[in-house]
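Note sheet for the following structure.
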Amino acid sequence: MAFLTRRDPDARGYFGAFGGRYVPETLVEPIEALERAYLAARDDAAFGAELGRLLTHYVGRPTPLYEARRLAAAWGGARVLLKREDLTHTGAHKINNALGQALLALRMGKRRIVAETGAGQHGVASATACALLGLECRVYMGAHDMARQALNVFRMRLLGAEVVGVDGGSRTLKDAINEAMRDWVGRVDDTYYLLGSVLGPHPYPLMVREFQAIIGREARRQILEQTGRLPDAVVACVGGGSNAIGIFDAFIADPAVRLIGVEAGGEGIERGRHAARFAGGSAGVLQGTRTYVLQDEHGNIEATHSISAGLDYAAVGPEHAWLRELGRTEYACAGDAAALDAFQMLARLEGILPALESSHALAHGRSVARELGRDALLLINLSGRGDKDVQSVESAIAQ
Amino acid sequence: MPGGLQRRAMQPAATPPRRGGPRSAWTGRRAADVRGAAMSRLAATFARLRAGGQPGLVTFTTAGDPDLRLSGEILGALDRGGADVLEVGVPFSDPLADGPVIQRATERALASGSNLTAALGLIARLRPGLSAPVVIFSYANPLLRMGVDEFARRAAGAGVDGVLALDLPIEEADSFRETLAGRGLDTIFLLSPTTSDARIRKAAALGRGFLYGISRLGVTGARDRVADGASEMVQRIRAHTDLPLALGFGISRPEHVAEVNACADAAVVGSALVSLIGEAGHSPDVVDRVEAYVRWLKGAATPKGTTHANA
């Protein structure tokens, strides 16, 4: 396998055969302008310094790397280290990207932000960044997700964002992205689209990865400090895949470190009942990028299901598709029931409520820990906290 | 497969139809104006419009809205009513460039069982009876899912004249365009108010048939008036190319058609027509209403170069 330390997509935004820029004509040149602005910003020390200041003093980075001894003992396998993205300000990794892009919007002179959200964590992070920087914020959210993540809807509104429910399609993340893009197409001159994952047209998959790569940089340094060596495996959940890319990034060039993404197995790998793109999908184009997509024989996007709104999405970030094709990353899935068990287990054994998204990483992490055995080191990205999910969990347990 | 399906692809370049000849099953009434088979049916249509100083009208409807049978009858009515180009939308689950009216049409069409295969079947069945050229209007994924080679083969067989893939901009369309051209199909590109002069030149060099200008930002949808920037945009495009230009977005009334035709080769009516179909539901009089609507749109537009009547 060819090993790459720097994995920028090619000039047209492709990671191998995945990625690109499949957008309506109106967006082509505004996205080219966005790419130029981003590339200039990432080379600008002042931009980096301002983002660094906010990440340290506002977000609370670095987040801890915490060894979960009781959890590891209960699992009966590898030592388990949790990267605590749940302890960031706003409670998930999403803030890393939201602040980076909001600063970029400001730099581009755009004062109106639109964003989509699934679980609400990216919406909350965007609303927070906009409140902090004095930007107008409108968040699109599927009506189904608004019902199951009501706490986050209220949080966004408290932060001054306008939350717009989306009733089309499956009323989940995919439909929220469609609506955010429609808004952007109509107001591309004064509006910045703050996309929340490593999805969409180039340069979003690259840009979001780079804003999230701080997770892996910190985790790599911390695990070396705490244990004196690299982990044997890194596990993260994959909806669009930004927390996973963020933590994988620092380990890509270490071939001995297994990188494992966990998709939502939902109620089982049957059409419409899961969101495991690599288990049930095929290459296609959705929302600006060519990647693995759940689709029918006519190219229509299939319905998805997951107990976790943040993983309930029919496509995966194009870089994941490419890394998988190269054999550098592997993907598994965990179902609703396993995620619920993991949620409760972490709560009882470690006093931590994980997000339902992150609970999928924990659920599969358990089998990886057993497979690796006692002397191994397992790093799991605890991408967010689960306060938003307590009502969903309560009703799921009651059933 | 009906015998007619392969005829267009197989027709040799050597036998241009006789001027004033009978309606041909595959070239339609525009055959009289085809000066050589190298000229596509779309090129011939726009050449005829320009030569006669006639206002052009392009219609958009979704294949299978409200169902495949009525949708076929609607296309026939549009053709009879005087539409110069028939754009046939392929329903797709995630129409992110469309406003609510066409989103609803897409949902109705999907619910009726329509998809790309059905749309091509519909066109193949109707083609012999239609005069106007037919353009497939689709999001990229259904086309890519079928496979571009296979799609081009089937589309050419069905008698499709051109293809516009909404989220396949010039930069992503190289092999798509070449494959289509290999089957005699025109690839049509969109131009938007955000398109730079450099990319207008690119689209003009690579596009075939006509260019489709959208006169304002935003998703599809009817408006009370044509965007103010429309004529300015046409002038900007005209500075770079002589390709026929159809201008769309927001057109619903004869005076819009007239206004657009004062500067472009044709006006595109989409959401307003689709609204009418949506309101009619499955009532059979939808076919007559559509035909009357198109006649109304077309009729009030006076020939180019004369003063426009105010409707």
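The values are calculated or read from the model by the stated rules, or taken from the named source; none is laboratory data. Keep in mind the model is a prediction, meaning the values are calculated, not measured. Cβ: placed from backbone, ideal geometry, glycine included. Neighbour counts: every protein chain shown. Side chains are part of the model used for accessible areas, which takes the heavy atoms of the whole protein and leaves out ligands, DNA and RNA. Shrake-Rupley method; radii C 1.70, N 1.55, O 1.52, S 1.80 Å.
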| Lys/Arg Cβ at +1, Asp/Glu Cβ at -1, dipole of region B:41-300 taken about the Cα centre: which of B:260, B:56, B:173 is farthest positive-ward? | B:56
| field | Net +/- balance of residues flanking residue B:239 in space, Cβ distance below 15 Å, scoring K and R +1, D and E -1 | value | +2
| said: Taking the Cα centre as origin and putting +1 on Lys and Arg beta-carbons and -1 on Asp and Glu beta-carbons, what dipole magnitude results for region B:41-300, to the nearest 20 debye? | reply: 460
| field | Under Karplus coefficients 6.51, -1.76 and 1.60, residue-wise ³J(HN,Hα) of region A:378-387 in Hz, glycine/proline x | value | 10, 9, 10, 7, 8, 6, x, 9, x, 3
| said: Please list, in order along region B:110-119, the HN-Hα scalar couplings obtained from phi with the Karplus expression 6.51 cos²θ - 1.76 cosθ + 1.60 (θ = phi - 60°), rounded to whole Hz, x for Gly and Pro. | reply: 4, 5, 7, x, 6, 6, 4, 4, 5, 5
| Unit charges at the beta carbon, dipole of chain A: most positive-side option, A:170, A:40, A:396 | A:40
| said: How many Å² of accessible surface get buried when A and B come together, counting both sides, probe radius 1.4 Å, rounded to the nearest 100? | reply: 2800
| Can you give the accessible area per residue of region B:92-216, in Å², using a 1.4 Å probe? | 29
| remark: Total charge of the residues flanking residue B:71 in space, meaning their Cβ is under 12 Å from its Cβ, with Lys and Arg +1 and Asp and Glu -1, is 0
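Net charge near residue A:166: determine it from the other residues with C-beta under 11 Å of the C-beta of residue A:166, scoring Lys and Arg +1 and Asp and Glu -1. Write out the running numbers ahead of the final one.
Working: positive: A:171, A:174, A:182; negative: A:116, A:145, A:167, A:175, A:179, A:183.
My count for the surroundings of residue A:166 gives -3.
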| query | Going from most exposed to least, what order do A:372, B:96 have by accessible area with a 1.4 Å probe? | reply | A:372, B:96
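What does the charge dipole of the protein assembly as shown about its Cα centre add up to, to the nearest 20 debye, if the Cβ of each Lys and Arg holds +1 and the Cβ of each Asp and Glu holds -1? All intermediate terms of the calculation are to be shown ahead of the outcome.
Values: 80 positive and 78 negative charges, 252 e Å.
The dipole magnitude comes to about 1200 debye.
What's the longest uninterrupted piece of chain A once you rule out the trypsin sites (Lys or Arg not before Pro) that are loop residues per DSSP with at most 13 other Cβ within 10 Å?
A:13-228
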| Based on DSSP H runs of at least 4 residues, each adding -39500 (n - 2.57), what is the mean residue ellipticity at 222 nm of chain A after dividing by all its residues, to the nearest 500 deg cm²/dmol? | -13500 deg cm²/dmol
| query | Around residue B:267, which amide H atoms from residues at least 5 apart in sequence, or from another chain, sit under 5 Å from its own amide H, with H modelled in the peptide plane? | reply | B:56, B:57, B:58, B:247
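When the chain is fully extended, how far beyond the present Cα-Cα distance does residue B:288 get from residue B:205, taking 0.36 nm per residue of separation?
Details: separation 83, 0.36 × 83 = 29.88 nm, distance 3.99 nm.
Full-extension gain reported as 25.9 nm.
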| What lysines could a cross-link reach from residue A:388, if we take a straight Cα to Cα line under 23 Å and drop same-chain neighbours fewer than 8 places away? | A:83, A:94, A:174
| Which value, in Å² rounded to 10, gives the accessible area of residue A:141 with a 1.4 Å probe and all protein chains present? | 0
| Long-range HN-HN contacts of residue A:164 with modeled amide H, under 5 Å | A:139, A:140, A:141
| task | Report relative contact order for chain A in percent, whole number only (criteria: Cα-Cα under 8 Å, sequence separation at least 6). | result | 21
| To the nearest 10 square angstrom, how much accessible area does residue A:306 have with a 1.4 angstrom probe? | 0
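Can you tell me how region B:41-300 classifies by the Cα gyration tensor, rounded, prolate or oblate, using a/c under 1.5 as the rounded cut? Spell out each step's value before the answer.
Numbers: a/c = 1.40, a/b = 1.09, b/c = 1.29.
Here region B:41-300 falls in the rounded category.
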| request: Between residue A:133 and residue A:390, take the C-beta separation as r, use R0 = 35 Å, and let me know the FRET efficiency to the nearest 0.05. | output: 0.70
| message | Rounded to the nearest percent, how much of the accessible area of region B:41-300 (1.4 Å probe, protein heavy atoms only) is carbon and sulfur? | response | 52
| query | Got a sec? What order do A:197, B:196 fall in by accessible area at 1.4 Å, biggest, i.e. largest, first? | reply | B:196, A:197
| remark: Classified through the alpha carbon gyration tensor (a ≥ b ≥ c as square roots of its eigenvalues; rounded if a/c is under 1.5, else prolate when a/b is larger than b/c, else oblate), chain A comes out rounded
| Karplus-derived 3J(HN,Hα), 6.51/-1.76/1.60, for each residue of region B:48-53, Hz, glycine and proline x | 5, 4, 5, 4, x, x
| field | Simple Cβ-charge dipole of chain A, Lys/Arg +1 and Asp/Glu -1, about Cα centre, in debye nearest 20 | value | 920
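Over region B:41-300, calculate the relative contact order: mean separation of alpha carbon pairs under 8 Å at least 6 apart, over the residue count, as a percent.
On the way: 524 pairs, mean separation 60.9, N = 260.
So the answer I get is 23 percent.
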| field | Dipole of the protein assembly as shown, positive end: most advanced residue of A:122, A:239, B:136 [Cβ charges, Cα centre] | value | B:136
| field | Shape category assigned to region A:124-218 from the gyration tensor of Cα positions, a/c cut at 1.5 | value | rounded
| task | Run the numbers on region B:196-293 and let me know its relative contact order in percent, using alpha-carbon pairs under 8 Å that are six or more apart. | result | 27
